[in-house]
Amino acid sequence: MEKQLANELIEFIFKSPTSYHVVSNVEKELLTHGFKKLLTGDIWKIKNSGKYFITPNNSSLFAFEIGTGDISNGVKLICAHCDSPFIRIKPNSEIIVEGKYLKLNTEIYGSPILHTWLDRPLSIAGRVMTKSSNPLVPETHLISFNRPMLIIPNIAIHLNSSTNGQNSLSSNQKEMLPIISMINNTFEKENYLINLIAKEIKIKPEEILDFDLALYEYEKGCLFGENNEFISSSRLDDLAMVYTGLQALISSNSSNQTKILALFDNEEVGSGSKQGAASPVLRSIIERIVLGLGNTNEDLYRCIHNSFMISADMAHALHPNHIEKHDPTNHPILNYGPVIKYNANQKYITDGDSASVFMTICNMANIPFQKFVNHSDIKGGATLGSIFQSQMEIRGVDIGNPMLAMHSIRETAGVTDLNYILKAFRLFYNI
């Protein structure tokens, strides 16, 4: 049973190569469990015990189940992000080398560990915009080639003796361009990628207006270890939290309080987009829920005061080969429970009050928990919690499951931890 959840996560990740696919797959799951899709441009007609969701930009998703009680009692909120670092395909991307090779021009999204992308079969996925009857609203098509299409080749050690040295990649513009084809007598270099896309989604090339396309690792994740106690996969950060948050929401009981699952896009690049945590998108949703149920602004302020947020993003586990990189007393271990994250400079929102809430949840769920603080000489990163709190002054805690090789094309997490966090999320929604 424990490994079943991990295998389900691996399958979900394999079918979700971009944030657009994540949202599409979560949407399908919600619809099968009685949730209704709302459009932000429509008048919302919501009611107590109703289940709803919206998908801003088709790359973020916000699902909510209205509670049976007074909305001023607050909402229970789990936040995660559905984007991961990747390599993006630029417009006009075709580059021909020596009349023989065709490669694609790319740019980097977020902070991937770039050398892990080399010499791996890659594919292409994203969305394609085509002409429609409304010039302000183009039609959108999801696309995933779902087969090995490209590779970014390493340079042989014989040609570069510093290949094994640190920072051996000297130029992203030069060294992160994938090979996709060889040039032959029948090759059409004009609009090569557009023609390839058109063939894949079975439309005419002239119908295509633009695209948002990314490279992704084609190979599926797996369990490994003597007892299959580890998960190896792309995009565990943060789809492990997305998937367990979703499963907790759809399997939880009806609650007096409103439950929200917020899946933001663009966390890996600072959240400063219309569908990111730095935007007012989630605050607007909460306002529309409160006011749509016939309440007042005063009820909204009371709702905010009585709400609690779990900001769920993966955490760094103790690296067995780099113990010196970790805090001497607060270094989480794989499969020893979810991690509460602290930072004196407020990169994480955890304080004594909110940590106590999450520790109580873990104790009630009969699961262990761990604590993480950065080594004092290492700056570390941030996540959704503090960014969203600039939009809404809600109590909250930053947590996540421990993992190794964050932002690698293949990350590692623990099978047992996945089950622990699902129990914590489900209990949080149920209390």
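Could you list, in sequence order, the residues of the range 335-344 that are open to solvent by less than 10 Å² (accessible area, probe 1.4 Å) and part of a loop (DSSP other than H, G, I, E, B)? Reasoning before the result, please.
Kept after step one, since they are open to solvent by less than 10 Å² (accessible area, probe 1.4 Å), are these residues of the range 335-344: 337-341.
The answer is 337, 338.
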Of the residues in the range 153-190 that are modelled with pLDDT of 85 or more, polar (S, T, N, Q) and part of a loop (DSSP other than H, G, I, E, B), the one that is nearest to residue 124 (Cα to Cα) is 154
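Every residue in the range 226-281 that is among the hydrophobic types (A, V, I, L, M, F, W, C) and open to solvent by 10 Å² or more (accessible area, probe 1.4 Å), please.
Residues of the range 226-281 that are among the hydrophobic types (A, V, I, L, M, F, W, C), as a first pass: 230-231, 236, 239-242, 246, 248-250, 260-264, 269, 277-278, 281.
Correct list: 230, 250, 269, 278, 281.
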Residue in the range 316-330 that is open to solvent by less than 10 Å² (accessible area, probe 1.4 Å), of a type outside the set (Phe, Trp, Tyr) and within 20 Å of residue 244 (Cα to Cα) present: yes
Note on residue 313: of the conditions (1) farther than 17 Å from residue 428 by Cα; (2) open to solvent by less than 60 Å² (accessible area, probe 1.4 Å); (3) under 25 Å from the mean Cα position of the chain (by Cα); (4) of a type in the set (Asp, Glu), unmet is (1)
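For the structure I just gave you, tell me whether residue 284 is under 23 Å from residue 27 (Cβ atoms), polar (S, T, N, Q) and open to solvent by 10 Å² or more (accessible area, probe 1.4 Å). Let's see the steps before the verdict.
Values: under 23 Å from residue 27 (Cβ atoms): yes; polar (S, T, N, Q): yes; open to solvent by 10 Å² or more (accessible area, probe 1.4 Å): yes.
Yes, satisfied.
State all residues of the range 135-169 that are of a type in the set (S, T, N, Q) and open to solvent by 70 Å² or more (accessible area, probe 1.4 Å); if no residue qualifies, say none.
First, the residues of the range 135-169 that are of a type in the set (S, T, N, Q): 140, 144, 146, 154, 160-164, 166-168.
Within the range 135-169, 146, 154, 161, 164, 166, 167 meet the criteria.
Determine which member of the set 109, 101 is farther than 27 Å from residue 206 by Cα and of a type in the set (Ser, Thr, Tyr). Walk me through it before giving the result.
Numbers: 101 fails: farther than 27 Å from residue 206 by Cα.
Going through 109, 101 in turn, the sole match is 109.
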For the range 97-149, the count of residues that are in contact with a helix residue (DSSP H, G or I) (Cβ under 6 Å, 6 or more places away or on another chain), part of a strand (DSSP E or B) and closer than 18 Å to residue 173 by Cα equals 1
Checked the range 277-334 for anything in contact (Cβ under 8 Å) with a residue 60 or more places away in the chain, in a loop (DSSP other than H, G, I, E, B) and among the small types (Gly, Ala, Ser); matches are 277, 278, 279, 307, 317
Given the conditions (1) open to solvent by 10 Å² or more (accessible area, probe 1.4 Å); (2) within 29 Å of residue 296 (Cα to Cα); (3) part of a strand (DSSP E or B), every one holds for residue 69 apart from (3)
Residue pairs within 8 Å by beta carbon, gap of at least six or interchain, first lying in the range 192-216 and free of Cβ contacts under 8 Å to residues at least 12 places away in the same chain, second basic (Lys, Arg) and open to solvent by 50 Å² or more (accessible area, probe 1.4 Å), listed first then second, are 198/204
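Select from the range 1-45 the residues that are among the aliphatic types (A, V, I, L, M), open to solvent by 20 Å² or more (accessible area, probe 1.4 Å) and over 24 Å from residue 240 (Cα atoms) and list them in ascending order. First the steps, then the outcome.
Within the range 1-45, the subset among the aliphatic types (A, V, I, L, M) is 1, 5-6, 9-10, 13, 22-23, 26, 30-31, 38-39, 43.
With the extra rule that they be open to solvent by 20 Å² or more (accessible area, probe 1.4 Å), the set shrinks to 1, 31, 39, 43.
Within the range 1-45, 39, 43 qualify.
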Subset of the range 59-92, residues over 15 Å from residue 260 (Cα atoms) and either of a type in the set (Val, Ile, Thr) or in contact with a Gly (Cβ under 6 Å, 6 or more places away or on another chain) (or both), comes to 85, 87, 89
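The values are calculated or read from the model by the stated rules, or taken from the named source; none is laboratory data. Keep in mind it's a predicted model, so treat the numbers as computed, not measured. Glycine also receives a Cβ, built like all others from the backbone with ideal geometry; neighbour counts cover every protein chain displayed. Surface areas here come from the heavy atoms of the whole protein model, side chains and all, with no ligands, DNA or RNA. Shrake-Rupley method; radii C 1.70, N 1.55, O 1.52, S 1.80 Å.
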